[in-house]
Amino acid sequence: MANAGIQLLGFTLAFLGFIGSIASTIMVEWKASSYAGDNIITAQAMYEGLWKSCVSQSTGQVQCKVYNSLLQLPGIVLGTRGLMMVSIIFSLISILVDVVGMRCTTCMAERPEQKDKVALAGGVLFIIAGLLALVGVSWYGHRIAQEFYNPFTPTNSRYEFGSALFVGWGAACLTMIGGGFLCCNCSGGGSGKAPSYPASSSSGQPGQDYV
């Protein structure tokens, strides 16, 4: 039988990863303007995310602009959007599946083996969701690093990793670790104990002799 405590731990970690993926997707600081190099104007900071870009003035005023045209967006933004959205959808499905399959719930309580299989399916979906988020965040981060080290990129047009990338990486790891706990904690069969029977007595009572 699966351990309900480990299942609950895995579900909690995966759920935190799910929340982190949502936060990372809606955050605007996917890449931030770099201050590396000489003659960099620090009066304002520029941030770009998956849905909008913002400019923060030294006075504290922040102005944001939502991307209006979907067709004019770079492929990296569209691809990362898709990966993160699919990851969130998979995580949401996994949550619904694991609520049914976890040992600490009463759903399908009369069929423990089926509950373990449902929990296993939810764990696999969590791992897939974490991988999708990891690919999306790493892909975006790789593009930032590639443009930063490109000698043809102007110094005042270079960007560095934003806080949303680190949130996304952490969320992806939590989701995969939680899904791994849910997968590793499922029993493959029955309880593993062989049925015990009372010792059978020999024919007749001990101490009786038959002629």
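The values are calculated or read from the model by the stated rules, or taken from the named source; none is laboratory data. This structure is a prediction, so every number in the text was calculated from the model and none was measured. Neighbour counts are summed over all protein chains in view; Cβ atoms, including those assigned to glycine, are modelled from backbone coordinates with ideal geometry. Side chains are part of the model used for accessible areas, which takes the heavy atoms of the whole protein and leaves out ligands, DNA and RNA. Shrake-Rupley method; radii C 1.70, N 1.55, O 1.52, S 1.80 Å.
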Q | Odd one out for Thr153, checked against (1) in contact with a Leu (Cβ under 8 Å, 6 or more places away or on another chain); (2) farther than 15 Å from Leu182 by Cβ; (3) not aromatic (Phe, Trp, Tyr) | A | (1)
Q: Could you check, for region 123-144, whether at least one of its residues is assigned to a helix (DSSP H, G or I), without any contact (Cβ under 8 Å) to a residue 12 or more places away in the chain and open to solvent by 20 Å² or more (accessible area, probe 1.4 Å)?
A: yes
Q. Scanning region 93-114 for residues that are in a helix (DSSP H, G or I) and among the small types (Gly, Ala, Ser), which turns out farthest from the chain's Cα centre (by Cα)?
A. Gly101
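If you check Leu165 against the conditions, is it in contact with a Gly (Cβ under 7 Å, 6 or more places away or on another chain), open to solvent by less than 60 Å² (accessible area, probe 1.4 Å), at pLDDT below 95 and at negative phi?
On the way: in contact with a Gly (Cβ under 7 Å, 6 or more places away or on another chain): yes; open to solvent by less than 60 Å² (accessible area, probe 1.4 Å): yes; at pLDDT below 95: no; at negative phi: yes.
Answer is no for this residue.
May I ask you to list the residues in region 168-178 that are open to solvent by less than 10 Å² (accessible area, probe 1.4 Å) and among the aliphatic types (A, V, I, L, M)?
Start the filter on region 168-178 by keeping residues that are open to solvent by less than 10 Å² (accessible area, probe 1.4 Å), which leaves 168, 171-172, 175, 178.
Within region 168-178, Ala171, Ala172 meet the criteria.
State yes or no: is Ser94 buried (at least 16 other Cβ atoms within 10 Å of the Cβ), among the hydroxyl-bearing types (Ser, Thr, Tyr) and over 23 Å from Cys183 (Cα atoms)? Explain how you work it out, then say what you get.
Values: buried (at least 16 other Cβ atoms within 10 Å of the Cβ): yes; among the hydroxyl-bearing types (Ser, Thr, Tyr): yes; over 23 Å from Cys183 (Cα atoms): no.
So Ser94 fails the test.
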